[in-house]
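Notes to accompany the following structure.
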Amino acid sequence: MVPKMMFLTKGVGVDKNRLASFELALRNAGIERFNLVHVSSILPPLCKIVSKKEGLKHLKSGEIVFCVMARNETNEPNRLISSSIGVAMPKDPNQYGYLSEHHAFGQTAEVAGEFAEDLAATMLASTLGIPFDPNLAWDARKEVYHASGTFFRTSHCCQSTSGNKNGLWTTVVAASVFVIG
């Protein structure tokens, strides 16, 4: 059972109940109608990244769907929260890649997204034996990764928002959703 496709999605939900806030974030992301099973961070070989619209065409309500999900929540007014998924795909499509999840407080979408992207790239680089200095800034490491000729692409999907001003539960999700069939 190896996924053939994957899509990225994100969402925000706000409600007086924590669980309902999460449900609304899933609805906003378009994945509330599935039984989601969280898996670890491997992007299978030959797994095509498609649009959310294309990926959803292949899934049925109630289906057990595997995903890598980042989730964060707060009921603290105006607290900045974010959830992001990083993607690192090797140049050779027959090799596996990495997905990373990151959830943070006080980080903008740009910072959290780039952190997740860097994390996925770092995991893939270490697996492939690419030498790099982990103390280098993300932009400098990105150049090392690309110069090695190994990486085809890195990207990320991030959702960030501030906690509801009235203290309602606010949830953010970001997910990479796998399509098996």
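Read-outs: derived from the displayed coordinates by stated rules, not from any lab. Fair warning: this is a prediction, and the values are worked out from it, not measured in the lab. Neighbour counts run over all protein chains shown; Cβ positions are idealised from the backbone, glycine included.
Can Gly86 be described as of a type outside the set (S, T, N, Q), outside any loop (DSSP other than H, G, I, E, B) and within 18 Å of Ala121 (Cβ to Cβ)? Yes; evaluated as a whole, the condition is true for this residue.
Scanning region 69-109 for residues that are among the charged types (D, E, K, R) and more than 18 Å from Val2 (Cα to Cα) turns up Arg71, Glu73, Glu76, Arg79, Lys91, Glu101.
Within region 114-126, residues that are touching a residue at least 40 places away in the same chain (Cβ under 8 Å) sit with their Cβ atoms under 6 Å from residues that are in a helix (DSSP H, G or I), at 6+ positions apart or across chains, in these pairs: Glu114/Trp138. For beta carbons closer than 8 Å, sequence separation of 6+ or different chains, a first residue in region 61-79 that is free of Cβ contacts under 8 Å to residues at least 40 places away in the same chain and a second that is surrounded by 13 or more Cβ atoms within 10 Å (Cβ to Cβ), the qualifying pairs are Ser61/Arg33; Ser61/Phe34; Gly62/Arg33; Gly62/Phe34; Glu63/Phe34; Ile64/Phe34. The strands (runs of 3 or more DSSP E) found entirely in region 1-81 that carry 3 or more residues being of a type in the set (A, V, I, L, M, F, W, C), in contact with a Phe, Trp or Tyr (Cβ under 9 Å, 6 or more places away or on another chain) and surrounded by 16 or more Cβ atoms within 10 Å (Cβ to Cβ) are 5-15, 64-74.
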